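These notes are about the structure you will find just below.
The values are calculated or read from the model by the stated rules, or taken from the named source; none is laboratory data. This is a predicted model, so every value here is computed, not measured. So basically every Cβ, Gly included, is an ideal-geometry build from the backbone, and we count neighbours across all protein chains shown.
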Amino acid sequence: MEKMDWKGTLKQYLRWPWYIGAVLAVSVAVFYSVDKKAGFLAAAVVLTYFLIVSAASLRLRPVILNEMTAFALQYETVEKDLLEEMAVPYALMDTQGRLIWENKAFTALSGRKALYHGNIETLFPSVKASDLLSASEPGEKDEQLLEHDGRLYRIHARKISLKEIARASAVIDPASEEAELISLYLYDETDFRRLARKCEEEKPVFGLVYLDNYEEALESVEEVRRSMLVALIERKINQYFADLDGIVRKTERDKFFVILNKSALDTMREQKFRVLEEVKTVNFGNSMALTVSIGIGLNGANLHQNSEYARIAMEMALGRGGDQVVVKDGIAITYYGGKSLQMEKTTRVKARVKAQALREIIAAKEQVVVMGHKITDVDALGAAIGIYRIGSTLGKPVHIVVNDPTTSIRPLMSGFLDNPEYGAGMFIDSSAAKNLVDNNTVVVVVDTNKPSYTECKDLLFMTKSIVVLDHHRRGNEVIDNAVLSYVEPYASSACEMVSEIVQYFGEDIKLRPMEADCLYAGIVIDTNNFITRSGVRTFEAAAYLRRNGADTTRVRKMLRDNIDSYKAKAEAVRTAEIYRDYFAIGICPSEGIESPTVVGAQAANELLNIAGVKASFVLTRFNQEIYVSARAIDEVNVQILMEQLGGGGHLNIAGAQVKASPEKTKEMLKEIIDRFIEEEERKQ
């Protein structure tokens with residue numbers, strides 16, 4: 001023990017008596033300078049102090065060293081026992097995955113009776129040693145899940161460097177100074193994850209259920225049967241959600257509020273929301289099948305936000321045509337159903353209300369700016385000209401944003417250009433529009449409800465007065481700051497909607513023949529000469545335009561193709577591939593064609609005339625993108641297919657824009673079609 005010495009804090013602590021003795025020695029000198037007798041007395045006291053301290057230090061030093069040594073040895077033993085008896089399974093392994101040491105809990109978990117020094121993968125085949133060693137530096141940790149004997153463990157792996165140990169050791173070769181060990185902790189998370197899963201399953205989910213065509217369906221039933229029909233529908237809805245342990249409360253004649261949990265929603269998803277089809281089967285003399293729309297909100301910050309999510313989801317379901325379910329899970333939105341064509345509403349109350357609201361908005365502002373979607377087509381231009389007549393009737397200057405007129409709309413625009421009856425600023429580009437728009441301007445968006453698709457997206461942020469008039473189904477991207485939004489997917493075209501608004505705008509408005517031609521042309525193009533999506537209100541709008549001077553002969557002349565466009569369309573049809581027996585996929589040439597996207601859409605319409613074709617897709621390269629025009633008659637919902645490419649539209653008319661090569665886009669389209677067919681086969 002004589003060769004052992006103190007160090008660290010203990011060494012400094014044991015030196016304090018000597019420090020105090022030094023202070024006392026200095027005090028002796030002070031006493032001596034004052035009084036010699038007192039100084040001698042103080043010196044004697046200090047000498048006695050040093051003798052006592054020295055004796056105590058010599059006698060107690062070996063005792064203290066022995067006690068400290070015994071404590072250190074006992075502490076090391078206790079520490080080892082604690083690690084050995086620790087309830088958490090713990091082990092050490094080398095960088096090859098071979099186990100070096102393990103505690104009792106790890107041994108019990110592995111099922112071995114003695115220490116096992118094999119590879120960890122032989123104990124737990126699902127554990128990959130290479131994955132546990134992915135941490136790049138000592139001290140870093142990695143984790144992996146292990147399922148063993150019905151329990152779930154989280155493996156916490158941590159690298160331990162042997163560098164410092166090797167330097168202090170006399171038996172480890174310096175060449176192995178960089179060796180490492182891996183420590184493993186296995187935390188049992190079975191109960192924790194079960195509780196977390198239960199909490200997730202019991203999260204509250206709010207839903208809204210609306211009957212889409214309640215009034216129309218009741219009108220098709222004898223009056224004495226109406227109450228029974230309503231009772232059957234309510235019973236069907238209540239029973240469906242009652243089977244899922246949900247709560248249903250009727251808020252209006254055709255509206256219900258639903259509360260259920262997350263596990264019930266998962267069940268509904270697995271069942272493909274069969275309530276959509278069950279309600280359609282209710283028949284008590286009604287000639288029109290009832291359809292429902294469901295909006296569901298979940299994972300909001302609180303219950304109020306879940307309710308708001310449900311409202312937003314319902315708006316999107318109705319905006320997309322109804323007969324579907326929209327689930328808003330935080331920022332994620334998922335669509336289900338929506339494969340049937342929305343029934344046309346016979347009542348025009350909504351059109352009249354929107355017309356009066358539009359009149360009030362325009363009357364309160366100084367000017368009107370109208371814009372459609374990028375690459376303005378005939379429908380967008382016709383609707384914009386209808387708004388031009390509305391604004392002009394109220395004495396407001398109106399400007400239509402058209403950046404690059406295509407060959408399809410130039411014949412329609414030519415009648416307005418250099419016409420003294422129309423101002424020189426009737427058609428402007430985006431840069432001119434930005435200089436005009438302010439808070440006293442109404443921006444009217446027609447034929448689109450997606451901000452990124454508009455001719456000039458910046459205009460939407462330059463004024464608070466925005467009006468949206470569109471007939472396309474809503475997607476995830478919408479113009480959400482509009483003061484008036486009129487989106488009706490049942491309408492054949494934006495021109496049909498504007499024609500109805502003009503009728504209810506007031507008696508002081510009168511369309512001119514040239515303006516009626518443009519609106520009529522928009523309807524003709526979007527309905528493919530009244531072949532698709534043409535309802536009663538479509539023909540009524542066309543009749544109104546005819547009464548205002550629209551001439552079918554003039555319209556037909558304006559819509560004729562040039563020879564190059566016709567050849568490109570014919571080439572797209574000639575080279576089209578029939579995929580999976582029912583799907584026509586063609587590529588439209590774009591070189592030398594001024595408006596290739598218009599030609600591609602026309603080619604898609606032509607492909608539908610081929611016997612056996614259920615849907616057609618034509619790909620056209622334009623502005624470094626591939627424009628996909630999708631068309632169908634009644635058996636395929638091309639809108640759902642195009643949404644998977646980032647586009648959208650209607651059930652039988654849709655499109656998308658893809659930043660890829662035609663060949664890559666074609667392969668993506670085929671994969672989407674394959675998934676669609678597989679889903680349809682599973683339902684059968």
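Out of PHE617, PHE622, I need the residue that is of a type in the set (Phe, Trp, Tyr) and either assigned by TED's automatic domain parsing to the domain that holds ASP470 or at pLDDT below 90 (or both). Which one?
PHE622
Could you list, in sequence order, all residues of segment 410-444 that are assigned to a helix (DSSP H, G or I) and of a type outside the set (A, V, I, L, M)?
Within segment 410-444, ARG410, PRO411, SER414, SER430, SER431, LYS434, ASN435 qualify.
Would you say LEU208 is modelled with pLDDT of 85 or more and in a helix (DSSP H, G or I)?
no
Pick out, from segment 266-348, the strands (runs of 3 or more DSSP E) lying fully within it that include 3 or more residues that are at pLDDT below 90, under 30 Å from VAL536 (Cβ atoms) and not aliphatic (A, V, I, L, M).
Because the criterion is at least 3 residues that are at pLDDT below 90, under 30 Å from VAL536 (Cβ atoms) and not aliphatic (A, V, I, L, M), the strands (runs of 3 or more DSSP E) in segment 266-348 that meet it are 332-337.
Check off (1) more than 19 Å from THR406 (Cα to Cα); (2) in a loop (DSSP other than H, G, I, E, B); (3) not aliphatic (A, V, I, L, M) for LYS666 and give me the number that stays unchecked.
Checking LYS666 against (1) more than 19 Å from THR406 (Cα to Cα); (2) in a loop (DSSP other than H, G, I, E, B); (3) not aliphatic (A, V, I, L, M), the one that fails is (2).
Can you tell me which residue is modelled with the highest pLDDT among those in segment 211-235 that are touching a helix residue (DSSP H, G or I) at 6+ places or on another chain (Cβ under 7 Å) and of a type in the set (Val, Ile, Thr)?
Top of the filtered list is ILE233.
Considering only residues that are of a type in the set (Asp, Glu), assigned to a loop (DSSP other than H, G, I, E, B) and more than 20 Å from SER220 (Cα to Cα), which ones fall in segment 230-265?
Scanning segment 230-265 gives ASP243, ASP245.
Quick grid of which residues meet (1) in contact (Cβ under 8 Å) with a residue 40 or more places away in the chain; (2) out of contact with any strand residue (DSSP E or B) (no Cβ under 6 Å at 6 or more places or on another chain); (3) surrounded by fewer than 17 Cβ atoms within 10 Å (Cβ to Cβ); (4) among the acidic types (Asp, Glu):
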{"residue": "PHE241", "(1), (2), (3), (4)": "no, no, no, no"}
{"residue": "ILE247", "(1), (2), (3), (4)": "no, no, yes, no"}
{"residue": "LYS250", "(1), (2), (3), (4)": "no, no, yes, no"}
{"residue": "PHE257", "(1), (2), (3), (4)": "yes, no, yes, no"}
{"residue": "VAL279", "(1), (2), (3), (4)": "yes, no, no, no"}
{"residue": "ASN302", "(1), (2), (3), (4)": "no, yes, yes, no"}
{"residue": "THR334", "(1), (2), (3), (4)": "no, no, yes, no"}
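Residues that are under 31 Å from the mean Cα position of the chain (by Cα) and buried (at least 22 other Cβ atoms within 10 Å of the Cβ): does segment 528-537 have at least one?
yes
Determine whether segment 548-558 contains at least one residue that is buried (at least 24 other Cβ atoms within 10 Å of the Cβ) and either in contact with a Cys (Cβ under 6 Å, 6 or more places away or on another chain) or closer than 19 Å to LEU669 by Cβ (or both).
No, that holds for no residue.
Since VAL636 meets every condition but one in (1) part of a loop (DSSP other than H, G, I, E, B); (2) touching a Gly at 6+ places or on another chain (Cβ under 6 Å); (3) not charged (D, E, K, R), which condition does it not meet?
Condition not satisfied by VAL636: (2).
Across segment 455-484, which residue is modelled with the lowest pLDDT among those that are touching a helix residue (DSSP H, G or I) at 6+ places or on another chain (Cβ under 7 Å) and among the β-branched types (Val, Ile, Thr)?
Filtering segment 455-484 for residues that are touching a helix residue (DSSP H, G or I) at 6+ places or on another chain (Cβ under 7 Å) and among the β-branched types (Val, Ile, Thr), the one modelled with the lowest pLDDT comes out as ILE479.
Could you say which residue among LEU115, LEU92 is at pLDDT below 75 and under 30 Å from HIS148 (Cβ atoms)? Break it down into steps so the answer makes sense when it comes.
Numbers: LEU92 fails: at pLDDT below 75.
Being at pLDDT below 75 and under 30 Å from HIS148 (Cβ atoms) holds for just one of LEU115, LEU92, which is LEU115.
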